[in-house]
Each structure stands twice: as structure tokens, then as C-alpha cells.
Amino acid sequence: MPTLSPSLKPALRIAAWLVAALVALLVLAVGTALVLYPAPYVWRTFVWMDADVDDRLRFPAREVAARPGASELPAAPAPERVRAAFAAALPGENMDAWLAARKTLGFVVLQHGRVVFKGYYNGHGREERATSFSVAKSFLSTLVAAAAEDGLLGLDEPITKRLPELAARDARFERFTLRHLMDMRTGIAYRETGLPNGDDAKTYCWPDLRALALQHTQVAAEPGPGWLYNNYHPLLMGLVLERATGMPVAKYLEQRLWQPAGMAAGASWSLDSEASGFEKLESGVNARVLDYARFGELMRMQGVAADGCRVLREDTVQALTGPERAMDLSALRPGLHYRLFWWGRRDAQWGDAFHAQGNHGQFIFVAPAHGVVIARNGREWGVPPAEWLTLFARMAHELGRTARSGP
């Protein structure tokens with residue numbers, strides 16, 4: 001049996017000590033976390049760690065049924081025109097290779113309500129669901145606006161009207177309205193300090209998000225002037241919607257939006273846990289890329305579904321997606337604004353647009369002037385969000401131009 005060189009023995013002892021020290025630190029960290037936090041939360045943050053698109057397979061979910069007998073959007077395939085629009089936006093790049101290399105899963109383009117391109121990459125299939133991350137916030141705000149249409153709530157009512165537990169803890173919550181929540185302007189504290197202590201981790205992984213939102217939120221500032229992206233807001237807004245409608249948010253999505261809009265396939269909304277059964281309102285809508293695009297088309301058409309049925313009032317869609325009363329975020333990106341969980345951009349060169357956006361590059365991009373909707377879902381961002389939005393805007397502009405110049 002070979003013997004170790006004497007010169008190696010000290011190095012091996014140091015390595016062993018380091019491994020033992022790391023194991024001890026990990027055990028101490030996990031033990032401390034278990035004292036402070038629920039065991040499922042500790043498991044999720046230490047084992048699952050950062051969010052990824054496969055989390056839709058880890059969390060339980062509530063199903064959202066398609067409308068019986070619903071049909072797909074009409075198709076008018078024009079892949080070469082779409083690829084030419086991409087080439088005009090990114091000269092010298094092959095669209096399919098570029099999308100695949102940037103971890104895209106699905107890429108669907110609509111123009112005037114017809115599917116002109118659909119592409120699936122990196123093993124993703126047409127009927128497979130992709131998760132949405134914060135795109136879910138735009139679904140949520142659209143449901144809240146629908147509930148307001150139906151007289152179930154008002155956007156300017158205080159959140160404590162539906163959630164009196166907050167006022168019992170701190171009377172200052174009475175100053176916050178539903179509109180403040182969806183505009184990200186409440187003044188509720190939000191601190192990102194990494195796993196497992198940060199609010200990003202808590203609002204994503206906590207096994208009882210109702211309790212987290214009602215018991216752990218803290219008032220840090222007055223509502224109104226400041227803008228802070230805050231994942232406690234959709235949790236509170238989901239609680240309000242649940243109480244106002246008397247049903248789970250996913251069920252209201254099914255009855256008020258998914259089926260009336262004629263979605264041809266089912267979806268789901270991830271839950272915090274089986275025991276709690278509360279939708280992960282900051283994320284967690286899971287659907288086909290085709291149906292994300294169809295949601296964008298519903299908004300482009302000002303609330304009218306493909307079959308001509310009105311699902312939302314025109315003024316409701318305008319209130320959600322228009323620039324009026326929106327928070328000006330031009331300091332972050334030229335022309336950018338935010339309102340009611342929807343993003344928008346004023347763009348004199350390529351045309352105004354609005355969009356929903358989620359972690360790892362989930363997008364529903366709508367360019368009304370060009371009749372274009374682009375849905376992209378991915379495993380990773382691939383490129384920064386601003387580059388995706390510029391690509392979408394240029395492609396939409398080119399598709400609009402070639403449609404006008406065509407026969």
C-alpha cells in the first residue's frame with residue numbers, strides 16, 4: 001500500500017480541518033435558522049437556494065382550467081418575416097441560434113391577433129408550461145381591476161378595509177390604498193440581505209405567505225412619493241382579492257379571465273404550501289408560452305377576446321397599461337414607467353409599448369401601434385432586460401413597417 005509523502009501530510013491535515021470547519025459552520029447556520037424560521041423555509045433556502053424555473057415542479061399548485069371547446073388563436077405563419085425583423089434589430093445574428101444560446105425556452109410572436117412565429121428551444125415543447133415569476137403580478141393587477149369593474153372592491157380604498165389585522169398592529173397601515181400597493185408606493189419596509197434573511201427569500205419561500213404578509217410587514221415611510229419594488233405588495237393584494245371575491249385567486253383567474261379570454265390550454269398557480277394553500281402572488285403563474293402571448297393580445301385589444309367577447313372594459317385596460325398617473329422611472333431606463341404592476345415605455349423612435357416582466361427573462365411585450373405581441377420565456381435572462389426590450393421594440397417596429405409595405 002503506497003505511503004504518503006511526509007511533505008503532503010501537513011497539507012492534508014489543513015484541508016481536513018478546513019472541511020470540518022465548513023461542515024461545523026453549515027450545521028451551526030442551519031441550526032440557527034431552524035430556531036428562527038419554519039423548517040420548510042429553511043429547507044427551501046438552504047437546499048433549493050435561488051429561484052429557478054424548475055421551482056414550478058417543486059411547489060404545489062392550484063389548477064386553472066381552460067374554457068371547454070376553446071380554440072387556438074389563428075395562425076398566419078411568417079417565420080422568414082420575423083427572422084428578417086430580428087436581423088434588422090441585431091445584424092449578423094441568426095435568430096434561432098441566438099435565442100437558444102441565451103437559454104430561451106419559448107418565443108411566440110403575434111401580429112394583429114395571428115400567430116406569425118412560434119419557436120421552442122433547449123428541450124421545451126409547445127404544450128409544456130413555463131413559469132412566469134413577476135409576470136404573475138400583471139395577471140394579479142388585471143384580476144384586481146376586473147374585481148373593481150364588478151364592484152367587489154375599489155382601487156382607492158384603504159388596505160385595512162379588507163385586512164383589519166394590519167390596522168390592529170399599526171394604525172399607519174390605514175393610509176395605504178390598493179393603488180399604493182400596485183404602484184409600489186406604500187412605504188412598507190423591504191430589505192434584501194440575501195438568503196435566508198432577505199425579504200426576497202421570505203416572500204418567495206415562506207410556507208405561509210398569508211401569515212408573513214399580515215404579521216411581518218412593517219411601515220417604514222409615508223405612502224405616495226417613493227417607489228420601491230416590494231414583493232409584500234402582491235401578497236397583501238392577493239389577500240384583499242381573496243377576501244373580496246370569496247375564492248382562491250387561481251379560481252378567480254379561471255372564472256374571470258382565463259376562460260372568458262378563451263385560453264385553449266390549462267394553467268396553474270403555484271402555492272406557498274399544501275397546508276396554507278395560498279397562491280404565490282409575487283410569482284407562480286405557469287402556462288404555455290402561447291397563452292402568455294394570448295393574454296398580451298387581450299390587453300392589446302383593450303379587453304376584447306379573440307372571439308369578440310369583451311372581458312375587460314377599455315378604460316380598465318388603459319388604467320392598467322397607459323402612462324397616465326404612472327411612476328416615471330426614466331432615471332432607470334429612458335422612457336420607462338410603472339403603474340399597477342405593469343411596466344411601460346414611451347419611445348418616439350420605435351413606438352410606445354407596455355409589458356409584463358419576470359425573473360430570468362419572462363416577458364409579455366405589447367406594441368399596440370404595430371399590432372405586435374411578443375412572449376418570451378427562458379431559463380436565464382441571457383441578456384439584460386433592457387436589451388430584450390430594445391430587441392422587442394425594434395422587431396415590432398420592423399414587423400409593423402413590413403406589414404404596411406406588403407401586398
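The values are calculated or read from the model by the stated rules, or taken from the named source; none is laboratory data. Model, not experiment: these values are computed from the prediction. Cβ: placed from backbone, ideal geometry, glycine included. Neighbour counts: every protein chain shown.
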How about the stretch 151-163: which of its residues are assigned to a loop (DSSP other than H, G, I, E, B) and in contact (Cβ under 8 Å) with a residue 24 or more places away in the chain?
L152, L153, G154, L155, R162, L163
Answer with yes or no whether E282 is of a type in the set (D, E, K, R), within 26 Å of A201 (Cβ to Cβ) and not in a strand (DSSP E or B).
yes
Being out of contact with any strand residue (DSSP E or B) (no Cβ under 9 Å at 6 or more places or on another chain) and free of Cβ contacts under 8 Å to residues at least 60 places away in the same chain: is that true of D328 here?
no
Any idea which of (1) of a type outside the set (K, R); (2) farther than 15 Å from E297 by Cα; (3) crowded, with 17+ Cβ neighbours inside 10 Å is the one D96 doesn't satisfy?
(3)
Assuming S276 fulfils every condition listed in (1) surrounded by 24 or more Cβ atoms within 10 Å (Cβ to Cβ); (2) part of a loop (DSSP other than H, G, I, E, B); (3) not charged (D, E, K, R) apart from one, which condition is it?
(1)
Considering each residue of the stretch 208-242, count those that are in a loop (DSSP other than H, G, I, E, B) and under 19 Å from the mean Cα position of the chain (by Cα), and give that number.
5
I'd like to check something: does the stretch 164-173 contain any residue that is more than 14 Å from Y232 (Cα to Cα), modelled with pLDDT of 95 or more, outside any loop (DSSP other than H, G, I, E, B) and touching a helix residue (DSSP H, G or I) at 6+ places or on another chain (Cβ under 6 Å)?
yes
Would you mind finding the one in V53, V64, V47 that is touching a residue at least 24 places away in the same chain (Cβ under 8 Å) and either loosely packed, with under 12 Cβ neighbours inside 10 Å or touching a Leu at 6+ places or on another chain (Cβ under 6 Å) (or both)?
V64
